[in-house]
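The values are calculated or read from the model by the stated rules, or taken from the named source; none is laboratory data. Quantities reported herein were computed from a predicted structural model and do not represent experimental measurements. All Cβ positions, even for glycine, are placed from backbone atoms using ideal geometry, and neighbour counts span all protein chains on display.
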Amino acid sequence: MVLLVGNVSAFEWNELNDKLTYSNDDLKVSWENWWGLGETIGTVELKSHKSVEEVLKFGFGKEEVVMYYDLDFLELYENGLGKVYLTDKRTNKEIQKEYSFVYWTNETYEKNIYEIQCSKAVNGTDVCENVFLGKENSTREVWKPYNSRDIQKGKIRIGLKTYINKDDFIDGVWTIAGRKISKHALWSASDGMLSYYKFDDNTTNTFVLDSADSNDGTATTNTDNLAVTGKINSAFDFNGSTYVSSTHDFTSDIKGGDFTMSLWINQSSLGLDQRLFYQVHDTPNRGLYVTTDTVNSDEIQVALFGSSGSETHVTTSLNMVAKNWYNIVVKRTDGFLSIHVNDNLEYNASTTVGSFLNIGNARNWFFATSRDIGGFFDGIMDEVGIWNESKNASKLYNNGDGCFFGFESCIESSISIILNSPINNFNSSNATINTNGTIISLSPENITNVSLIVDSIYIETNSSGINNTDYLFTTILSEGDHNWTYEVCDNSSSCLNATTRNITIDTIFPQINITFPTEIIDFHEINTNLSVNWTVEDLNLDTCILEYEGVNRTVICLDNQTQINITNSINRTIIFYVNDTVGNSNSSTRTWDYKIFQNSLTYSTQTIEGSTEEFILNITLGSGFGISTATLIYNGTNNIGSFSTSGANEIITETIIAPSVTVDTNLSFFWSILLGDSSLINTTTNNQTVSFIGLDNCSVNSNLIFNYTIKDEGNQTNLINTTVDLNIDLFDSSRTNEILDFSYQYLETNPVQVCLNIPLLSSTNYSLGSVVKYTSLGYVVEYYNIVQFVLANSTVPQNINLYDLSSADSTDFKIIFRDDNFIPVENALIYIDRQYIPENNIFKTVELPKTDSNGETVGHFVRNDIVYNMRVVKDLEVLGNFENIIAFCQDITIENCQIILDAVSSIENTFDYNDQVGLIFEDPTFDNNTNIVSFSFLTPDGIPKEIRMEVTRNDIFGNLSLCNQTLTSSSGTLSCTVPGAIDETILNVDVFVNNVTAVKGYVSISSSTFGNLGYIVWFIFSLALMLMLGDDKTRLLISLIISYVGAVALSLSDGTIIGHASTGVWIIIVTMVGIWKLNKDNPQ
């Protein structure tokens, strides 16, 4: 320290010898020796003040550099720093006060290095803490003691450091190079406050008072429009378009030093990028602003623009809520930027942006908006304070009451405490806790001790008194919740406590109990959810994870249940993980087996009454289990199923007939399986929709099954004035259950139609019987019967022609049929086929009656003129075949007309049955006398079918189509006349039913009257000729021609000599070519 020390002789000499020249508004002084006749010795320029009239304000209770000069001397000037004269401006009397000289220089210091280290908990979440890694060297500019009176050669900045008392208002006059600097500088004591806006204004003008200085602001509207009840007294309610501005340059006041900005806000609604403070000069940008974050509206962002660059700092876990008061304190302390909210340190990091001093275009200071008049704040703002030093956030928060202007208890201590770690609300699984706090004092010699306080108990005290360093303590805490803080005391016995932080110690692992699934599960179905139930216990539960099939899913711990989807019977293990908030973790594994696992259930979800339905259950049995019985319980009825093994699976099947219903009905069913261990296990209940089936005349229903057309039997034209009585009986495919009985009379309707109410399913078959009674005006009554017709999706609709004979042409004949034992046959269908000569002699079914119990029925015939074929069929068997019948009446006068048929007199024909197309037929035949190929058929159920016959020749002479005949009928005969020139060959006969190949046959053509004996005679005759003429090849070929002509002439063989298809022509041609080949090279 220096107390009134100076060199009088030097002062007197220099005052007589040197000349002082003032410039730059008296801030700069030049020394010239010999009263200006000599050279310039050096210059001194006041840099601490903007002008010689400016009064710098400093917080009292600590030492400050109150003024400083930049000196630039050509040579070393010994003892150039003389006495500093201090005057109390309140009394204008000189005072004595300790002071010292300091100079501005760089120093290297150790900087603490921290790192956020995270570890993965079992559940995959991050557990993080701020870990002290060590120290590193860094460089900073500081004031250091200047322990010399000499002014060094060159440039140097020298300052005056002294203690600031509460009532200081002092003028300082330096003596440099023996001369007093008459243009001097002032400073006064303050708390570092630059401005304070209470926002208590409530007037009919826009004036906003600065209670600490004259930096008053201006509102965009009269303040009585903004005034509302605030945190302390009144406040301003900004509506998202109003704001306050001031022309004062606060950021240049702050420069690169410490600062504090504090305010209270209560947001109407959270919003992104809502500006609170804003002053950023431009070209270049210099200054700072505070705003709600641009990404998360519940966080705070601070942007800095300085001489060394720009930075953005954002809180990450603040989570503000609208309509709540928050005290936001932003400050820079010795190169660290901190953000405190409601006395909680939300952010703390080093900053190197440098000075905010404006060197470009000056911009106003704004509250609630930006320099571009955007980013408006929506909410209440109160008690805004700005300091050019670091203040204590706890004092400003004042336990939530706020620190209003002029309140003595809010005056800040010169000591700053920054708690580095652990963070607030820290959870630890380790009972050993290391605490770290940085202690900074503006008066280093004041620190006497630092104490760790846990749960209001002093645990340990460090009395080293070291300033600007980290104080570390280690303590062991018990299980549970605790709070801790640091207390710092100075040599005046004044102590300051940091904000209290909370910590939880949890060293106990969470407990898990999986209650379901158990080790054995009776039944489960593929692709359905399985319940997982558990209980977990821990005081600080955090996360629970269930692993199944290698996939983790997070569950809510206290829900105690979730569902997993089971896709196979193989994966039967789960792992349950749990961890608490401090990182303790535990896990439990459960493996189970199924008694029955359902792999699939095959059935039709929708069917029709009477339909045959198959149910197939595919299951996997657990190890050691076997099936005793399997029962399908369908609509309350037990149906015993059959089961077989297929690989690792059991296949259980059962077939039922869907029951009759009166309306569409959902019927439930399930399988009940008795295992070898006597456990009875039921599968999941399912529903099958059984639809009601109904018939009508197509007036309502639209799914056509029958279309009957009544025609004149003679000319085959449609009739009018018809009457049709129709009856249909519908059974299931096994004819066990009758489903419906439909009857209807059609009057003057032709054709008549029958429709179903629903489409037939592709898998549904029925057995249908029908009788049609039909007539027309002037026509007889006839019957057409259908038996055991397979009604299916593929067999409908059916188009049936009903032939009715006119009364004038018809004669009623009683038809009587007896079997081989001459016993009447009941319910036999009598197919009456009429010959139609103009249609290639085909026979069509014109009537299809059925015999009664006496084996009798009535048929309607044209007497004496028309040829008929009649066939008798019952149960798919042809009982009799009667051809070329002409109806002769024994006694027409008494109408005693009968046709007696018996199996004994039936033509011996072998009939085959093709069940794929539903056709009874006899193999194609050829009549050598008439050259006609015939094919006779009938349908056993009486349903007409389209029958097409193709006759072709395919031999060495080529392919030749001879005829193609089609007939649609329930019974009949197709005929094809073969040209007479076709001989000695085999003809292919192909028959198609509804375009599906049903018969592939052949017939042989032969005209020999001698039969096989003729071929023997022909052979002997040919051999004799060859022996007689065989000595010459030409004569041998001629003998072949003679042999063939002789055989045909003598009728030893079938064939002709001439004609385009005759064998003789081709033999002559081949023989002549052979003779030419033999003799073409012989000389003539």
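Based on this model, can you work out whether Thr108 counts as assigned by TED's automatic domain parsing to the domain that holds Glu141, assigned to a strand (DSSP E or B) and closer than 30 Å to Lys135 by Cα? Yes; evaluated as a whole, the condition is true for this residue. One residue stands out in segment 513-527 among those that are in contact (Cβ under 8 Å) with a residue 40 or more places away in the chain and farther than 21 Å from Ser623 by Cβ: the one that is surrounded by the most Cβ atoms within 10 Å (Cβ to Cβ), namely Ile514.
If you go through segment 868-888 one residue at a time, do you hit one that is among the acidic types (Asp, Glu), under 60 Å from the mean Cα position of the chain (by Cα), at pLDDT below 85 and outside any strand (DSSP E or B)? There is no residue in segment 868-888 that is among the acidic types (Asp, Glu), under 60 Å from the mean Cα position of the chain (by Cα), at pLDDT below 85 and outside any strand (DSSP E or B).
Of the residues making up segment 274-287, just one is of a type outside the set (D, E, K, R), farther than 17 Å from Tyr243 by Cβ and part of a strand (DSSP E or B), namely His281.
Selection of segment 248-270 for residues being within 48 Å of the chain's Cα centre (by Cα), in a loop (DSSP other than H, G, I, E, B) and crowded, with 17+ Cβ neighbours inside 10 Å yields only Leu270. A residue that is in contact (Cβ under 8 Å) with a residue 40 or more places away in the chain, within 36 Å of the chain's Cα centre (by Cα) and either outside any strand (DSSP E or B) or not assigned by TED's automatic domain parsing to the domain that holds Ile526 (or both) can be found somewhere in segment 663-672. Within segment 680-693, the set of residues being surrounded by 14 or more Cβ atoms within 10 Å (Cβ to Cβ) and in a loop (DSSP other than H, G, I, E, B) comprises Thr683, Phe692, Ile693. If you check Val551, Val532 for being free of Cβ contacts under 8 Å to residues at least 12 places away in the same chain and among the β-branched types (Val, Ile, Thr), only one passes: Val551. Which is crowded, with 18+ Cβ neighbours inside 10 Å, over 34 Å from the mean Cα position of the chain (by Cα) and closer than 25 Å to Thr653 by Cβ, of Ser611, Ser628, Ser623? Of the residues listed, the single one that is crowded, with 18+ Cβ neighbours inside 10 Å, over 34 Å from the mean Cα position of the chain (by Cα) and closer than 25 Å to Thr653 by Cβ is Ser611. The residue that is farthest from the chain's Cα centre (by Cα), among those in segment 432-482 that are surrounded by fewer than 18 Cβ atoms within 10 Å (Cβ to Cβ) and of a type in the set (A, V, I, L, M), is Ile466. Count of segment 351-374 residues, restricted to those that are under 27 Å from Leu272 (Cβ atoms) and out of contact with any Leu (no Cβ under 6 Å at 6 or more places or on another chain), is 13.
Where the second residue is modelled with pLDDT under 80 and the first is of a type in the set (Asp, Glu) and lies in segment 986-1013, which pairs have Cβ atoms under 9 Å and are six or more apart or on separate chains? The qualifying pairs are Asp990/Gly1001. So in segment 403-431, with the set limited to residues that are modelled with pLDDT of 80 or more and more than 30 Å from Phe509 (Cβ to Cβ), which one is surrounded by the fewest Cβ atoms within 10 Å (Cβ to Cβ)? Checked segment 403-431; the qualifying residue surrounded by the fewest Cβ atoms within 10 Å (Cβ to Cβ) is Ile418. In segment 549-574, what residues are surrounded by 15 or more Cβ atoms within 10 Å (Cβ to Cβ) and either under 30 Å from Asp677 (Cα atoms) or in the same structural domain as Gly624 (by TED's automatic domain parsing) (or both)? Of everything in segment 549-574, those that are surrounded by 15 or more Cβ atoms within 10 Å (Cβ to Cβ) and either under 30 Å from Asp677 (Cα atoms) or in the same structural domain as Gly624 (by TED's automatic domain parsing) (or both) turn out to be Ile564, Ile566, Ser569, Arg572, Ile574. A residue that is among the β-branched types (Val, Ile, Thr), at pLDDT 65 or above, surrounded by 15 or more Cβ atoms within 10 Å (Cβ to Cβ) and part of a strand (DSSP E or B) occurs nowhere in segment 8-24. Would you confirm whether or not segment 609-623 contains a residue that is assigned to a loop (DSSP other than H, G, I, E, B) and not assigned by TED's automatic domain parsing to the domain that holds Thr665? Within segment 609-623, not a single residue is assigned to a loop (DSSP other than H, G, I, E, B) and not assigned by TED's automatic domain parsing to the domain that holds Thr665. Candidates are the residues of segment 913-967 that are charged (D, E, K, R) and exposed (fewer than 15 other Cβ atoms within 10 Å of the Cβ); the one that is modelled with the highest pLDDT is Glu946. Note on segment 317-338: residues that are part of a strand (DSSP E or B) and among the polar types (S, T, N, Q) total 3. Residue check: is Ser190 buried (at least 19 other Cβ atoms within 10 Å of the Cβ), closer than 24 Å to Val66 by Cα and modelled with pLDDT of 85 or more? No, not satisfied. Of all residues in segment 522-559, those satisfying the criterion of being outside any strand (DSSP E or B) and within 30 Å of Phe670 (Cβ to Cβ) are Ile526, Asn527, Glu549.
Just to be sure, is Leu960 touching a Leu at 6+ places or on another chain (Cβ under 7 Å), touching a residue at least 12 places away in the same chain (Cβ under 8 Å) and assigned to a strand (DSSP E or B)? Against the criterion (touching a Leu at 6+ places or on another chain (Cβ under 7 Å), touching a residue at least 12 places away in the same chain (Cβ under 8 Å) and assigned to a strand (DSSP E or B)), Leu960 does not qualify.
Okay, residues lined up against (1) modelled with pLDDT under 85; (2) not polar (S, T, N, Q); (3) not assigned by TED's automatic domain parsing to the domain that holds Ser100:
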position: Lys144; (1), (2), (3): no, yes, no
position: Ile158; (1), (2), (3): no, yes, no
position: Thr162; (1), (2), (3): no, no, no
position: Asn205; (1), (2), (3): no, no, yes
position: Asn215; (1), (2), (3): no, no, yes
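Checked against the criteria, Asp923 counts as of a type in the set (D, E, K, R), closer than 30 Å to Pro979 by Cβ and in the same structural domain as Val991 (by TED's automatic domain parsing). A single member of Gly80, Gly59 is surrounded by 13 or more Cβ atoms within 10 Å (Cβ to Cβ), at pLDDT 80 or above, small (Gly, Ala, Ser) and assigned by TED's automatic domain parsing to the domain that holds Gly134, and it is Gly80.
Residues of segment 306-316 include at least one that is closer than 14 Å to Phe259 by Cβ, assigned to a strand (DSSP E or B), out of contact with any His (no Cβ under 7 Å at 6 or more places or on another chain) and touching a residue at least 40 places away in the same chain (Cβ under 8 Å). Scanning segment 791-838 for residues that are without any contact (Cβ under 8 Å) to a residue 40 or more places away in the chain and charged (D, E, K, R) yields one hit, Glu826.
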